[in-house]
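The next block holds one structure in the form of C-alpha cells; read it before the comments.
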Amino acid sequence: MPVQIGVPREVKSDEYRVSVLPVGAQLLTQAGCVVKVERGAGEGSGYLDDDYRRAGAQLVEGPAELFADCDLILKVKEPQPEEVARLRPEQVVFTYFHFAASRELTEGCQAAGVTALAYETLVQPGKPGLPLLTPMSEVAGRMAIQQGAKYLEKPQEGRGILLAGVPGVEPAKVTILGGGIVGANAAKVAAGLGANVVLLDIDLNRLRYLDDVMPGNVRTIYSHPESIAWHTATSDLVVGAVLIPGARSPVLVPKSLLSEMRPGAVIVDVGVDQGGCVETTRPTTHAQPTYLVDGIVHYCVANMPGAVGRTSTQALCHATQPYVIKLAKAMDAGGLDELLEKDGAFASALNLRAGRITHPGVAAAFG
C-alpha cells in the first residue's frame, strides 16, 4: 500500500503557512504517494483547495481523518495540544518542533510514540548551515527590523524614535546579538534603513567576514557579558538572534539589565522558539505581539514568518521539498530505518524515534 501523507491546516494562532505547495503535492503523487490535504490548509498562503485537487491530492474535511489515516504528517509549526492528542505510534512527523523550549510538547510526543524529524536540526553532511531553518531565519531576521521599527513608535509604547533618523537628528542604535543567518539579515535591513548597527558574536572568523561584507554603518563587536551589557543599555532596538541547534538558547540579557536600558526601547527576541536569549522573553502571538517589562517593549512572536505566509511558504517548501520526497520514497519502500541510520541529514533531523529522545540537545535541555 502506498505511503499516505497528510497536510493539515495549521492551527497555531495567526499561522498562515502551509507545509506543501500544490506543485509539491503533484510531485509526491507522481512518485506514487497518496497525499491528503485538509480543506483550507493553503488559503492563508494564497493556495486554494482546487489547486491541490488539480495537483492530484485528496481533500479531507478535517484533521481527524487525516491524522488517523496518514503515515507521514507534514507540518510547519510544532503540533499543538489538540494535534498531539491525535498522534499515534509509528507515525512520522516532519516539521519545526523546537522541543528544547517545551517539556509539555516533548513529553506529549514521547507518549504518542511518534518519530519526530525536526526541520531546525537537519544538517547536510559536509555542508555548512541548517538548510531547512535558513529560509525562515532569513525571513525572521528581516522582519525583526520591520517590527522593531514599528514598535519604537510612541503609539506602540516605544521611545518615539524613527529608525533612520533625519538630517540633523541621530538615527536609532540597533544592537544584534548573534551574527548567524538571522543576525546578518537583520543587520542588512537595519543598515539599509540608515540605523547605527552593532553586531555581536563570539566567532571571530564570522565577525571578520561580516565586517568585510556589511555596510559602513555596521560595527562588529566580540560578544562577552561586558560588551552585551554596554550595547544593550545604550540601544533603541535589541534583536536576539542566538541559536544553538536543538538546544535551549543561552540567556545573554538578564532581567537586571532592563533597568539600565532606555525607557521605551524595544527587544525583538527571534529565538523565542528555543527559549530566547533574554531572561524576560516569553512567547507571544501576532494577535498580541508585545508586552512591557520595566518599561521595555518585548516583541516575542513565536512564529514571525507566519505573518508573511505567501513568501514564507514558498521559501520553506522550496527547501523542504527534496527531503520530503526522499523521506516519502524511503517509507514507501519500507526503508525508513535504513534512511535514519545511513543518511546523515535525516539522522541529524531525528529528535524522537518511536517516542524515545535521540537528539543530544533535547536530552540536555531536560537533564
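The values are calculated or read from the model by the stated rules, or taken from the named source; none is laboratory data. Not measured: the values here are computed from a predicted model. Counting neighbours? That spans all protein chains shown, and the Cβs are built from the backbone with ideal geometry, glycine included. Calculation scope for accessible area: heavy atoms of the full protein, side chains included, ligands and nucleic acids excluded. Shrake-Rupley method; radii C 1.70, N 1.55, O 1.52, S 1.80 Å.
Beyond 32 Å in Cα-Cα separation lie the following of the pairs Lys150/Lys326; Lys154/Lys188; Lys188/Lys329: Lys150/Lys326; Lys188/Lys329.
Please report, to two decimal places, log10 I(q)/I(0) for the chain at q = 0.07, 0.13 Å⁻¹ as given by the Debye formula with identical point scatterers on the Cα atoms and no solvent. Evaluating at q = 0.07, 0.13 Å⁻¹ gives log10 I(q)/I(0) of -0.32, -1.00. Each of Met1 and Leu59 was given a label point 7 Å from its Cα along the Cα-to-Cβ line. The distance between the two points is 2.5 nm. In the stretch 171-234 the Cα-Cα distances spread across 10 Å bins starting at 0 as 24, 60, 16 percent of all pairs. Take the Cβ atoms of Arg88 and Ala347, set R0 to 25 Å, and the FRET efficiency comes out at 0.60.
Fully extending the segment from Ala354 to Glu153, taken as 0.36 nm per residue of separation minus the present Cα-Cα distance, adds 67.5 nm.
Considering only Cα atoms, the convex hull volume of the stretch 308-367 works out to 119 Å³ per residue.
Each 5 Å bin from 0 upward holds the following percent of the Cα-Cα pairs of the stretch 1-117: 2, 13, 23, 25, 19, 11, 5, 1, 0.
Taken over the stretch 220-260, the alpha-carbon convex hull comes to 87 cubic angstrom per residue. Placing one equal scatterer on every Cα of the stretch 268-367 and applying the Debye formula, the log10 ratio I(q)/I(0) at q = 0.14, 0.19, 0.20 Å⁻¹ is -0.80, -1.05, -1.07.
Pairs of alpha carbons in the stretch 129-247 separated by more than 22 Å make up 30% of all such pairs. Basic side chains Lys and Arg get +1 at the Cβ, acidic Asp and Glu get -1 at the Cβ, and with that the dipole of the chain about its Cα centre reaches some 460 debye. Between Glu260 and Arg103, the FRET efficiency estimated from the beta carbon spacing at R0 = 25 angstrom works out to 0.20.
Building the convex hull from the alpha-carbon atoms of the stretch 212-281 and averaging its projection over directions returns 5.4 nm². Residue-normalised convex hull volume from the C-alpha trace of the stretch 210-337: 171 Å³ per residue. In the calculated pair-distance distribution of the stretch 110-164, the portion above 12 angstrom amounts to 74 percent of the Cα-Cα pairs. Across the stretch 36-182, counting alpha-carbon atoms alone, Rg and Dmax equal 20.6, 65 Å. 3J(HN,Hα) couplings calculated from phi for the stretch 336-351 with the Karplus curve 6.51 cos²θ - 1.76 cosθ + 1.60 (θ = phi - 60°) are, in sequence order, 4, 4, 5, 4, 5, 7, 9, 9, x, 5, 6, 4, 6, 6, 6, 9 Hz; Gly and Pro show x. Here the calculated FRET efficiency for Ala364 and Glu170, from their Cβ-Cβ distance with R0 = 30 Å, stands at 0.10, rounded to the nearest 0.05. Where both bridge residues fall in the chain, DSSP classifies roughly 20% of the beta bridges as antiparallel. Remark: the stretch 149-276 carries 45 Å² of accessible area per residue (probe radius 1.4 Å; ligands, DNA and RNA excluded).
A simple packing score, the average count of other Cβ atoms within 10 Å per residue, orders the peptides 204-210, 35-41 as 35-41, 204-210, with the highest score first.
At full extension, Gln288 and Leu162 could sit 43.1 nm farther apart than now, given 0.36 nm per residue minus the alpha carbon distance.
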